[in-house]
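Undergrad: Input: one structure, supplied below.
The values are calculated or read from the model by the stated rules, or taken from the named source; none is laboratory data. Here the structure is a predicted model, which is why all the values come from computation and not from measurement. Heads up, the Cβs are rebuilt from the backbone with ideal geometry, glycines too, and the neighbour counts pull from every protein chain shown.
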Amino acid sequence: MKIAIVKLSAMGDIIHAMVALQYIKEAKPEIQIDWIVEQGFAQILENNPHIDNILPVNLKAIKKEKKALSSEIKQLKAYAQNNYDLVIDAQGLIKSALTAKLLSKNIAGFSKDSIREGVASYLYKQKVEIAYEKNAIERNIKVLCEPLEIVITKEQVLNKEKFLYCNTSENLPIEIDDYILFVVGASVANKIYPQESFLKIAKALDEKVLVVWANNYEYEVARYLEKEAQNVIASPKLNLNELKRVINSTKLVIGGDTGPTHMAWALNVPSITIFGNTPEDRNTYITPINQVVKSETFVNPLKLDKTDFSIREIEPQTIIKLAKELLND
């Protein structure tokens, strides 16, 4: 059997879906799993033994250049020549549903009431029902496994094998060491914890701290922390494969609700995820080594409050205390 998974972006969403792969391959060892992904996130999937083919697209280019539409359609039609028995749209957007439609007529995906862009479900032959506000990891597992008649329990997920894989033959631009790693940015401003609070955490912990960054804002924060605290180092720019390797060797990851912090969960690395205007019970799995700190505001998963910057109100001491507990376990 040959299936294609359509999960285009973003980093955390892709990671939340990847956890199912080890169990799918265990239940159906002969299945071929291909993955359609935005090329900017393809490295997250690389070196994974449970993925047979990574098939990149550049649908984001269409926003900038309408002429890119024809080349992307041509690329998807070429992928369709693989003659998939089933395509699973694990994204639940109109663009991901249309992508799936170009790959096969036999498509599974979320039901109309299970996604924000409910019209996408009209393109699916098989529809999977699960409330939108349910845990994102459980949602991804269900949409990927129910069409294959595979059942995965929460207990299995809590005892998962790490599922991000690295090419260790390539040289890293930084020496791997026993760092605490700070993730200081996020996709939106109200998911970002203040740099002054990160500084207090760094100074309170008697540990070497590495700050990773992906854009100019995060780079400036990394340089600020490096300047203000003797135990902080600003990382060089890392690609996603390098980031996987660095996180895999880290003692503890501290950051907001964003991709690199979810990488820690995927790699079974201790982590503290800081939540403000996003729901901690939906966006991650809490484990003995993967903990969360949430602001006091109530979050409605169906309607996030864009004016909620309560993450800034979380006291650094709360995170410091939890970090020391995780480091001493």
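Undergrad: Go through TYR193, TYR132 for me and flag whichever is outside any strand (DSSP E or B), of a type in the set (Ser, Thr, Tyr) and not assigned by TED's automatic domain parsing to the domain that holds PHE41.
TA: Details: TYR132 fails: not assigned by TED's automatic domain parsing to the domain that holds PHE41.
When all the criteria are applied, what remains is TYR193.
Undergrad: Going through LYS162, LYS127 one at a time, which residue ends up being under 30 Å from LYS74 (Cβ atoms) and either surrounded by fewer than 19 Cβ atoms within 10 Å (Cβ to Cβ) or not small (Gly, Ala, Ser) (or both)?
TA: When all the criteria are applied, what remains is LYS127.
Undergrad: Something else: If GLN230 satisfies all but one of (1) surrounded by fewer than 20 Cβ atoms within 10 Å (Cβ to Cβ); (2) in contact (Cβ under 8 Å) with a residue 12 or more places away in the chain, what's the number of the condition it fails?
TA: Checking GLN230 against (1) surrounded by fewer than 20 Cβ atoms within 10 Å (Cβ to Cβ); (2) in contact (Cβ under 8 Å) with a residue 12 or more places away in the chain, the one that fails is (2).
Undergrad: Name the helices (runs of 4 or more DSSP H) wholly inside region 1-100 in which the number of residues that are aromatic (Phe, Trp, Tyr) and modelled with pLDDT of 95 or more is 1 or more.
TA: Those helices (runs of 4 or more DSSP H) span 21-27, 68-80.
Undergrad: Same structure again: Restricting to region 255-285, what's the tally of residues that are assigned to a loop (DSSP other than H, G, I, E, B) and among the β-branched types (Val, Ile, Thr)?
TA: So in region 255-285, the residues assigned to a loop (DSSP other than H, G, I, E, B) come out as 257-258, 267-270, 276-279, 284-285.
Add one more test, that the residue is among the β-branched types (Val, Ile, Thr), and what stays is 258, 269, 278, 284.
So the count comes out to 4.
Undergrad: If LYS25 passes every condition in (1) surrounded by 21 or more Cβ atoms within 10 Å (Cβ to Cβ); (2) within 16 Å of LEU164 (Cβ to Cβ) but one, which one does it miss?
TA: Exception for LYS25: condition (1).
Undergrad: I would also like to ask the following. In the set THR297, THR261, THR250, which member is over 20 Å from ILE137 (Cβ atoms), touching a Gly at 6+ places or on another chain (Cβ under 9 Å) and not basic (Lys, Arg)? Steps first, please.
TA: On the way: THR261 fails: over 20 Å from ILE137 (Cβ atoms); THR250 fails: touching a Gly at 6+ places or on another chain (Cβ under 9 Å).
Result of the check over THR297, THR261, THR250: THR297.
Undergrad: Being out of contact with any helix residue (DSSP H, G or I) (no Cβ under 8 Å at 6 or more places or on another chain) and modelled with pLDDT of 95 or more narrows it down to one residue among LYS191, LYS208; which is it?
TA: LYS208
Undergrad: Among the candidates ILE180, ILE192, ILE201, ILE174, single out the residue that is surrounded by 19 or more Cβ atoms within 10 Å (Cβ to Cβ) and more than 24 Å from ASN328 (Cα to Cα).
TA: ILE192 is the lone residue from the list that is surrounded by 19 or more Cβ atoms within 10 Å (Cβ to Cβ) and more than 24 Å from ASN328 (Cα to Cα).
Undergrad: Right, something else. In region 299-325, how many residues are hydrophobic (A, V, I, L, M, F, W, C), part of a loop (DSSP other than H, G, I, E, B) and over 30 Å from ALA20 (Cβ atoms)? Steps first, answer last, please.
TA: From region 299-325, those hydrophobic (A, V, I, L, M, F, W, C) are 299, 302, 304, 309, 311, 314, 319-320, 322-323; that's our starting set.
Still in the running and part of a loop (DSSP other than H, G, I, E, B): 299, 302, 304, 309, 314.
Within this subset, residues satisfying the condition of being over 30 Å from ALA20 (Cβ atoms) are 309, 314.
Number satisfying all stated conditions: 2.
Conditions (1) under 27 Å from GLU30 (Cβ atoms); (2) not aliphatic (A, V, I, L, M), marked per residue:
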| site | (1), (2) |
| --- | --- |
| ALA120 | no, no |
| LEU123 | no, no |
| GLU133 | no, yes |
| LYS142 | yes, yes |
| CYS145 | yes, yes |
| GLU149 | yes, yes |
| ILE152 | yes, no |
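Undergrad: Scan region 277-300 and tell me whether some residue there is at pLDDT 95 or above, more than 20 Å from the chain's Cα centre (by Cα) and hydroxyl-bearing (Ser, Thr, Tyr).
TA: Within region 277-300 (the criterion being at pLDDT 95 or above, more than 20 Å from the chain's Cα centre (by Cα) and hydroxyl-bearing (Ser, Thr, Tyr)), the answer is yes, since at least one residue qualifies.
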